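The values are calculated or read from the model by the stated rules, or taken from the named source; none is laboratory data. Predicted model, so just to flag it, every value in this text is computed and none were measured. Glycine also receives a Cβ, built like all others from the backbone with ideal geometry; neighbour counts cover every protein chain displayed. Side chains are part of the model used for accessible areas, which takes the heavy atoms of the whole protein and leaves out ligands, DNA and RNA. Shrake-Rupley method; radii C 1.70, N 1.55, O 1.52, S 1.80 Å.
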Amino acid sequence: MAYTQSLYPILRKQNLARGIYDYTVHCPEIASEAVPGQFVHIRVPGFQLRRPISICGINRQVGTIRLVMEIRGAGTEVLSRLNEGELIDLIGPLGHGFTLLSPHKKAVAGGGGIGVPPLLGAIAHYGENGTVITGFRSASAVILQDDFKAAGARAILCTDDGTMGEHGFVTGALQKLLETETPDIIYACGPMPMLKAVAAMAAEKGIECEISLEERMACGVGACLGCACRTIKNGVEGFSHVCKDGPVFNSKEVVL
Amino acid sequence: MADLRVEVAGVPFKNPVIPASGAFGFGREYEKFYPLSKLGGISCKGTTLFLKDGNLPPRIAETPSGMLNSVGLQNPGIDAFIEHELPYLQTKDLTIIANVAGSTVEDCITIAQKLEGTAVDMIELNISCPNVKEGGAAFGSTPQMAAAVTKAVRGATSKPLMVKLSPNVTDITAIARAVEAEGADAVSLINTLLGMRIDINTRRPILKNNTGGLSGPAVFPVAVRMVWQVANAVKIPVVGMGGIASGRDAIEMMMAGASAIQVGAAIFADPYAPVKIVDEMNAWLDEKGIGSVKEIVGTVKPWGPDGQ
């Protein structure tokens with residue numbers, strides 16, 4: 001498969017929460033190839049390194065993808081100033097996405113904060129057989145709840161401070177759910193402590209689990225070997241790379 | 001269309017643009033963007049005697065107009081290079097430079113011997129990696145060590161030998177003269193400049209290796225200066241690199257004295273950078289009515305003490 005790098009028009013921009021922007025970009029070459037969990041590598045004018053951003057939604061018919069990004073530093077701040085009608089420089093689709101089972105299977109996804117957007121495409125695949133548990137700091141940071149519901153999924157919302165949904169963390173809600181249900185697969189994306197806890201719960205219950213990782217990245221295509229993460233593959237421990245071997249890994253392969 | 005062909009120590013390149021070691025792997029990833037045959041050559045990922053895991057992550061930190069890396073020579077080892085990467089590259093119609101990065105002098109000799117009789121066109125001896133505890137910059141920081149490792153590898157290979165120099169030294173021309181005296185056919189410079197970033201909230205260095213190598217446009221003027229100094233200090237050809245991001249940068253580096261140039265960090269911002277640089281150089285030469293790119297090498301006209 002060829003990689004595509006080009007300038008693509010932004011069709012729509014929405015502010016979802018403070019510092020979180022939702023871009024719909026017209027990029028038919030990327031949309032036709034992309035699968036949930038993959039990412040695009042975005043050039044930031046004035047910065048040396050691109051920013052890897054997970055794909056939140058893919059519309060093959062219209063040829064668009066959706067990118068939800070949070071201002072984390074100076075680079076994403078520059079990206080957040082891009083407006084509708086302007087062009088954005090993307091390489092994509094990159095990396096290894098989520099394994100999607102038959103839509104008749106049951107899937108549960110756990111996401112924290114800006115780790116939530118990559119889960120939308122995966123959970124939407126399962127329609128009403130999908131459940132998503134999302135966690136945010138506070139009501140003001142909550143995003144994408146209507147999108148999960150529109151996809152037919154059951155959406156369980158948690159906030160750290162209890163200002164919306166359940167008061168608590170994603171891991172607590174997942175633990176409770178797993179007491180009464182046994183999904184066929186669990187997906188997770190978010191802070192490392194959450195990923196560790198989700199992977200441990202899945203291992204204990206013998207449920208397949210895939211997690212999406214993040215690491216400081218340069219090339220984005222597997223050449224520079226910058227974004228290393230520790231993995232065990234076929235019994236051999238070594239470094240894999242988030243950009244090419246991931247960002248989605250089977251949780252059993254990752255040394256967390 | 002200007003003539004873009006160049007030669008470095010008798011090795012022909014169809015154009016002077018070569019992706020730098022470490023920035024381009026063994027080329028496979030970028031063949032998914034464009035045919036590698038558009039490039040003059042490739043300087044392959046630094047290769048050790050055995051598989052090397054590299055340093056703990058994070059290995060990358062952004063800097064103003066550049067970046068730090070501390071990959072630490074992660075590579076599959078020389079046998080895997082010869083068995084799996086070289087056969088692929090041989091089919092791609094570009095000049096192949098193997099980057100030899102042994103941890104010891106003996107390793108460098110063995111690696112060079114293993115490359116005898118292969119399709120590799122040239123050896124680039126890496127005595128300048130700042131991110132490994134053994135070998136690397138430890139070889140390149142004194143003229144004596146640089147001379148010793150060059151002499152050893154010179155005796156082990158019949159292939160053209162280029163030595164890649166570190167900028168983290170007091171006088172890079174002394175190192176360049178030392179490797180020239182021991183039979184190096186060319187020198188390439190600069191490797192990355194040693195740097196560091198600290199997260200002020202955690203008071204931890206961003207890189208797990210604490211320090212790393214600085215590359216990108218930030219280092220370009222340092223590289224131009226060092227290439228100019230070295231080109232004036234040795235008779236062997238110089239391959240220039242360090243922060244080149246455009247055709248104009250490449251022309252400037254060649255005017256400083258480089259017979260060919262390498263491109264590294266610019267590829268991360270734009271994977272097409274090496275191809276664009278070829279096109280931009282060609283356009284500039286055509287605009288100036290210069291028939292061959294060779295005509296610009298070392299043509300900087302430095303100011304004299306009298307201001308003339």
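Between B:GLY257, B:GLY240, B:GLY264, the distinction of being modelled with pLDDT of 95 or more and within 14 Å of chain A (Cβ to nearest Cβ) belongs to B:GLY264 only.
Conditions tested, residue by residue: (1) at pLDDT 95 or above; (2) under 22 Å from A:SER212 (Cα atoms); (3) exposed (fewer than 14 other Cβ atoms within 10 Å of the Cβ); (4) out of contact with any strand residue (DSSP E or B) (no Cβ under 7 Å at 6 or more places or on another chain).
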{"residue": "A:ALA31", "(1), (2), (3), (4)": "yes, yes, no, no"}
{"residue": "A:GLN38", "(1), (2), (3), (4)": "yes, yes, no, no"}
{"residue": "A:HIS41", "(1), (2), (3), (4)": "yes, yes, no, no"}
{"residue": "A:PRO45", "(1), (2), (3), (4)": "no, no, yes, yes"}
{"residue": "A:ARG51", "(1), (2), (3), (4)": "yes, yes, no, no"}
{"residue": "A:GLY63", "(1), (2), (3), (4)": "yes, no, no, no"}
{"residue": "A:ARG72", "(1), (2), (3), (4)": "no, yes, yes, yes"}
{"residue": "A:ARG81", "(1), (2), (3), (4)": "yes, no, yes, yes"}
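Which of the residues belonging to segment B:142-155 are within 18 Å of B:ALA174 (Cβ to Cβ) and surrounded by fewer than 18 Cβ atoms within 10 Å (Cβ to Cβ)? Result: B:THR142, B:GLN144, B:MET145, B:ALA148, B:LYS151.
Only one of the listed residues (A:ALA173, A:ALA155, A:ALA203, A:ALA199) is in a strand (DSSP E or B) and either modelled with pLDDT under 95 or assigned by TED's automatic domain parsing to the domain that holds A:LEU119 (or both). That residue is A:ALA155. Considering each residue of segment B:276-293 in turn, at least one proves to be within 14 Å of chain A (Cβ to nearest Cβ) and within 30 Å of A:ARG51 (Cα to Cα). If you go through segment A:175-219 and keep only what is within 14 Å of another protein chain (Cβ to nearest Cβ) and open to solvent by less than 80 Å² (accessible area, probe 1.4 Å), you end up with A:LEU213, A:GLU215, A:MET217, A:ALA218, A:CYS219. In segment A:225-237, the qualifying residues are those that are open to solvent by less than 10 Å² (accessible area, probe 1.4 Å) and facing chain B (nearest Cβ under 9 Å), and the one that is farthest from B:MET67 (Cα to Cα) is A:ALA228.
Going by the structure shown, is B:ASN131 within 14 Å of another protein chain (Cβ to nearest Cβ), touching an Asp or Glu at 6+ places or on another chain (Cβ under 8 Å) and either of a type outside the set (Val, Ile, Thr) or within 22 Å of B:SER37 (Cα to Cα) (or both)? Taking the combined requirement at face value, the residue does not satisfy it. When residues in segment A:1-21 are screened for being open to solvent by less than 60 Å² (accessible area, probe 1.4 Å), under 17 Å from A:ILE88 (Cβ atoms), in contact (Cβ under 8 Å) with a residue 60 or more places away in the chain and assigned to a strand (DSSP E or B), 8 of them pass.
Of the residues examined, B:PRO16 is not one that is under 16 Å from B:ASP121 (Cα atoms), more than 11 Å from chain A (Cβ to nearest Cβ), open to solvent by 20 Å² or more (accessible area, probe 1.4 Å) and at pLDDT 95 or above. Return yes or no: is B:SER215 within 11 Å of another protein chain (Cβ to nearest Cβ) and closer than 27 Å to A:ASP89 by Cα? Criteria met by B:SER215. Among the numbered conditions (1) part of a helix (DSSP H, G or I); (2) within 14 Å of another protein chain (Cβ to nearest Cβ); (3) not polar (S, T, N, Q), the only one that A:PHE148 does not meet is (2).
What residue, of B:SER128, B:SER158, is part of a loop (DSSP other than H, G, I, E, B), surrounded by fewer than 18 Cβ atoms within 10 Å (Cβ to Cβ) and either at pLDDT 95 or above or under 18 Å from the mean Cα position of the chain (by Cα) (or both)? Before you say what the answer is, go through the steps one by one.
Details: B:SER128 fails: surrounded by fewer than 18 Cβ atoms within 10 Å (Cβ to Cβ).
Only one candidate passes the filter, namely B:SER158.
Any idea which residue in segment B:60-74 is nearest to B:ILE42 (Cα to Cα), counting only those that are in a strand (DSSP E or B) and open to solvent by 10 Å² or more (accessible area, probe 1.4 Å)? Here the residue is B:ASN69.
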